[in-house]
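Enquirer: The structure follows.
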Amino acid sequence: MKYGLIILLLWAFPLSVPQNFRPASRETCEKTKVFTAHNVVAWSFVSRPQAFFYKSGLAIDADGAFRAYHPNSRLGLDSLNHAGHEGNWWALVTENEKPSGRPVVQLDSDPAPGFYVSTTALYNRDNRNPRDPHRYVDAATIPYVVLHPVALNYAKLGDFATVVNLQNGRVSAAIVADVSASNLPVGEGSIALAQALGIDAGPRTGGKDGDVVYLVYAQSGNSRPRKLEEIVTNANQLFDAWGGINRLNACVSAAEPK
């Protein structure tokens, strides 16, 4: 599944970004500061569709993956303490549906029996069963972005995004599917997003410290999860309408400290 995902994403966004990522000579950007969080500045530019972007690193989020967390922490894709702790579980379904409850373990009929049911902030509201792992956005197969809470003043869960790895020029479509804790650094995405960008996707050891740009299209989604094909198609169209690679080159350059 991993390699099929990467092929589909790269088909939608050919790797034509120059690795030195220098601005196009005729592109200009009038920038407006949208918000600042943990020394990361998000910028907005006059455009249709409306969007903002920021440059940071990429921390790996396993939430929503069927094998994200296990009662034996070593068996999960990620360490169990990233899902919470007894009395305060923030990334797991619990028996009383409150952080104080006991985490729900997947059954034999579920995708990963014995693993916990891991959640994302974006979920399928038509699925009324909170214990169904399919209700949430699977980090292992769906490229998604995790926003800092302040960013939700300007975008919403389910919006589309384009993410660029400046170091190797890879570009990926994405959907906004989760929200980070306010005290965490800005810049986080799913396992599938990291794979598409050529970044070490291991939740325990992977990620990237810098040179990742997130372009988020405000109010572009319908507050629901989407299939991979829909994410790629919509984000591709929005990226082209916004100005594509040439405009992003110029805007990233314009946002750099002088």
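Enquirer: Might you let me know whether segment 78-88 holds any residue that is surrounded by fewer than 24 Cβ atoms within 10 Å (Cβ to Cβ), in contact with a Pro (Cβ under 6 Å, 6 or more places away or on another chain), more than 30 Å from Q50 (Cα to Cα) and without any contact (Cβ under 8 Å) to a residue 24 or more places away in the chain? Explain how you work it out, then say what you get.
Expert: So in segment 78-88, the residues surrounded by fewer than 24 Cβ atoms within 10 Å (Cβ to Cβ) come out as 79-88.
Subsequent filtering for residues that are in contact with a Pro (Cβ under 6 Å, 6 or more places away or on another chain) retains 88.
Those left that are additionally more than 30 Å from Q50 (Cα to Cα): 88.
Going one step further and asking which of them are without any contact (Cβ under 8 Å) to a residue 24 or more places away in the chain, we end up with 88.
Among the residues of segment 78-88, at least one is surrounded by fewer than 24 Cβ atoms within 10 Å (Cβ to Cβ), in contact with a Pro (Cβ under 6 Å, 6 or more places away or on another chain), more than 30 Å from Q50 (Cα to Cα) and without any contact (Cβ under 8 Å) to a residue 24 or more places away in the chain, which makes the answer yes.
Enquirer: Considering only segment 140-154, state which residues are surrounded by 24 or more Cβ atoms within 10 Å (Cβ to Cβ) and in a helix (DSSP H, G or I). Break it down stepwise before answering.
Expert: First pass over segment 140-154, keeping only residues surrounded by 24 or more Cβ atoms within 10 Å (Cβ to Cβ): 142-147, 151.
Selection gives A151 alone.
Enquirer: Further, regarding this structure: Looking only at segment 47-74, count how many residues are closer than 20 Å to P133 by Cα and either in contact (Cβ under 8 Å) with a residue 24 or more places away in the chain or in contact with a helix residue (DSSP H, G or I) (Cβ under 7 Å, 6 or more places away or on another chain) (or both).
Expert: Residues meeting the conditions: 13.
Enquirer: Name the residues in segment 99-117 that are acidic (D, E) and touching a helix residue (DSSP H, G or I) at 6+ places or on another chain (Cβ under 8 Å), would you? I'd like the intermediate steps shown before the answer.
Expert: First pass over segment 99-117, keeping only residues acidic (D, E): 108, 110.
The answer is D110, and nothing else.
Enquirer: May I ask you to say which residue of A112, A91 is among the hydrophobic types (A, V, I, L, M, F, W, C) and touching an Asp or Glu at 6+ places or on another chain (Cβ under 8 Å)?
Expert: Working: A112 fails: touching an Asp or Glu at 6+ places or on another chain (Cβ under 8 Å).
Matching residue, one of A112, A91: A91.
Enquirer: Also: Assess whether K55 counts as being assigned to a strand (DSSP E or B), of a type in the set (K, R) and surrounded by 19 or more Cβ atoms within 10 Å (Cβ to Cβ).
Expert: yes
Enquirer: Only one of L107, L157 is of a type in the set (A, V, I, L, M) and touching a residue at least 24 places away in the same chain (Cβ under 8 Å). Can you tell me which? Steps first, answer last, please.
Expert: On the way: L107 fails: touching a residue at least 24 places away in the same chain (Cβ under 8 Å).
The conditions single out L157.
Table: residues versus (1) among the hydroxyl-bearing types (S, T, Y); (2) under 21 Å from P133 (Cα atoms); (3) over 15 Å from the mean Cα position of the chain (by Cα).
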{"residue": "A161", "(1), (2), (3)": "no, no, no"}
{"residue": "A173", "(1), (2), (3)": "no, no, no"}
{"residue": "S180", "(1), (2), (3)": "yes, yes, no"}
{"residue": "L197", "(1), (2), (3)": "no, no, no"}
{"residue": "V216", "(1), (2), (3)": "no, no, no"}
{"residue": "E229", "(1), (2), (3)": "no, yes, yes"}
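Enquirer: Give the residue that is surrounded by the fewest Cβ atoms within 10 Å (Cβ to Cβ), with candidates limited to residues of segment 124-139 that are part of a loop (DSSP other than H, G, I, E, B) and in contact with a Gly (Cβ under 8 Å, 6 or more places away or on another chain). Talk me through it step by step, then tell me what you get.
Expert: Within segment 124-139, the subset part of a loop (DSSP other than H, G, I, E, B) is 124-132, 137-139.
Those still in the list that are in contact with a Gly (Cβ under 8 Å, 6 or more places away or on another chain) too: 137-139.
Details: V137: 28, D138: 25, A139: 32.
Selected residue: D138.
Enquirer: Every residue in segment 155-177 that is crowded, with 24+ Cβ neighbours inside 10 Å and either in the same structural domain as A121 (by TED's automatic domain parsing) or among the charged types (D, E, K, R) (or both), please.
Expert: D159
Enquirer: Let me ask something else about it. Taking the criterion of being in the same structural domain as F35 (by TED's automatic domain parsing), under 18 Å from V46 (Cα atoms) and surrounded by 24 or more Cβ atoms within 10 Å (Cβ to Cβ), would at least one residue in segment 222-241 satisfy it? Don't jump to the end; show me each part of the working.
Expert: Narrowing segment 222-241 to residues in the same structural domain as F35 (by TED's automatic domain parsing): 222-241.
Next, from what is left, pick out any that are under 18 Å from V46 (Cα atoms): 237-241.
Still in the list and also surrounded by 24 or more Cβ atoms within 10 Å (Cβ to Cβ): 239.
Yes: one or more hits.
Enquirer: I would also like to ask the following. Here is a check on your reading of the model: is G210 free of Cβ contacts under 8 Å to residues at least 40 places away in the same chain and of a type outside the set (F, W, Y)?
Expert: On the way: free of Cβ contacts under 8 Å to residues at least 40 places away in the same chain: no; of a type outside the set (F, W, Y): yes.
Answer is no for this residue.
Enquirer: Condition (residue is touching a strand residue (DSSP E or B) at 6+ places or on another chain (Cβ under 8 Å) and at positive phi) applied to segment 185-205: is it met by at least one residue?
Expert: Yes; the residues of segment 185-205 include at least one that is touching a strand residue (DSSP E or B) at 6+ places or on another chain (Cβ under 8 Å) and at positive phi.
The values are calculated or read from the model by the stated rules, or taken from the named source; none is laboratory data. Predicted model only: the values in this text are computed from it and were never measured. Every residue, glycine as well, gets a Cβ built from its backbone with ideal geometry; the counts of neighbours run over all protein chains shown.
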